[in-house]
1. Around S266, with a cut-off of 13 angstrom between Cβ atoms, what is the net charge of the other residues, counting Lys and Arg +1 and Asp and Glu -1?
2. What's the extension gain from Q132 to L26 if we count 0.36 nm per residue and subtract their Cα-Cα distance?
3. For a Förster distance of 25 Å, can you work out the FRET efficiency between the beta-carbons of D109 and R179, rounded to the nearest 0.05?
4. Order these peptides, 112-119, 229-236, 55-62, by their mean beta-carbon neighbour count within 10 angstrom, highest first.
5. Which ³J(HN,Hα) values, rounded to whole Hz and listed in residue order, are derived for segment 13-20 from phi using the Karplus coefficients 6.51, -1.76 and 1.60 in 6.51 cos²θ - 1.76 cosθ + 1.60 with θ = phi - 60°, glycine and proline given as x?
6. When the accessible area of segment 88-227 is split by element with a 1.4 Å probe, what percent falls to carbon and sulfur?
7. What full-extension length gain, to one decimal in nm, is calculated for D55 and S160 as 0.36 nm per residue of separation minus the Cα-Cα distance?
8. If the limit is 22 Å between Cα atoms, which of K31/K56; K119/K214; K76/K250; K135/K198 go over it?
Amino acid sequence: MIYFLIALCTALIIIICLLCFKIYQLRLTAKELSRQIAEHIGNDTNSGISILCGDKKMRALAAEIDKYIRTMRRFKLRYQNGGRELKDAVTNISHDLRTPLTAISGYIDLLENEEKSEKANEYLNIISERTQTMKNLIQELLDFSIILSDNQYNEKSAVSLNSAFEEGLAANYSLLRQRGITPTVLTPDKEIVRCLNKSALLRILGNIISNAAKYSDGDFTAELRPNGEMLFSNTANGLNAVKVGRLFDKFFTVQNGRSSTGLGLSIARTLTENMGGSLTADYYDNVLTIRLYFPNAAVS
């Protein structure tokens, strides 16, 4: 009986040791799988997922993971190639449209010097206005393709948000006044500094302010808070929660017929996120509020 118990205990110990060794192997395999998955996703390597573990289930799992990663890589390449093709098409079409528009503008300038009737002057002004609108739209399309593919906004330095805030408002003040809007501006006495690309920041501010000028019902408030948050508010009775949720979508416009590509706020959000900031929109009691915020990161 004693020998039987000893044999049984020995067998149990052996089984436990084998199980512990198996668990150890599985833990090592799981760790190796995790490392290879991170490597494949982060570095886009073409090598497959492979493990040395002899366990059939683990090898089947590794094969399934490898299959899904390869599928994901194909979709990613297809998406990237499609994005490049779209940007190239936008760039080429924009350049092709600019050539005839330049010629039209030249003839408009020549016609302005000719003797014309009052009605002809009225028609010429309409043509000139529509031509300028088309130029602006084409420029916005070009800017969109450049921003997504160029590195012109990569360099960062210490930027005073107070100065950039005032500069952005001053650059777009005439546009607001043309729309009959007298802006309310609130700024703190304390200087707020962030590590940003100033050109990108001014572009963001310009797009936000010009969007407000287009769609405001006659008011506009711009506030820079002591924590660095910038708020831009205006009454917009034509909006609703669904439209506000799509404001930053590419090519989305609030109203059909407005002279816009729907890229302004999309470009602004892309530039903001590239610099580690956030750009959001809220709508309450018929007032649209755009919030622009950059965390207080270390200034280099």
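The values are calculated or read from the model by the stated rules, or taken from the named source; none is laboratory data. Everything numeric here is computed off the predicted structure, so don't read it as measured data. A quick note on method: Cβ atoms are made from the backbone with ideal geometry, for glycine too, and the neighbour counts reach across all protein chains shown. With ligands, DNA and RNA removed, areas are computed over all heavy atoms of the protein, side chains included. Shrake-Rupley method; radii C 1.70, N 1.55, O 1.52, S 1.80 Å.
1. Here the charged neighbours net out to 0.
2. 31.4 nm
3. The formula returns an efficiency of 0.40 here.
4. Those peptides, ordered most packed to least, come out 229-236, 55-62, 112-119.
5. 4, 4, 4, 4, 4, 5, 5, 4
6. Roughly 48 percent, rounded to a whole number.
7. Gain in length upon complete extension: 31.8 nm.
8. Result: K119/K214; K135/K198 exceed 22 Å.
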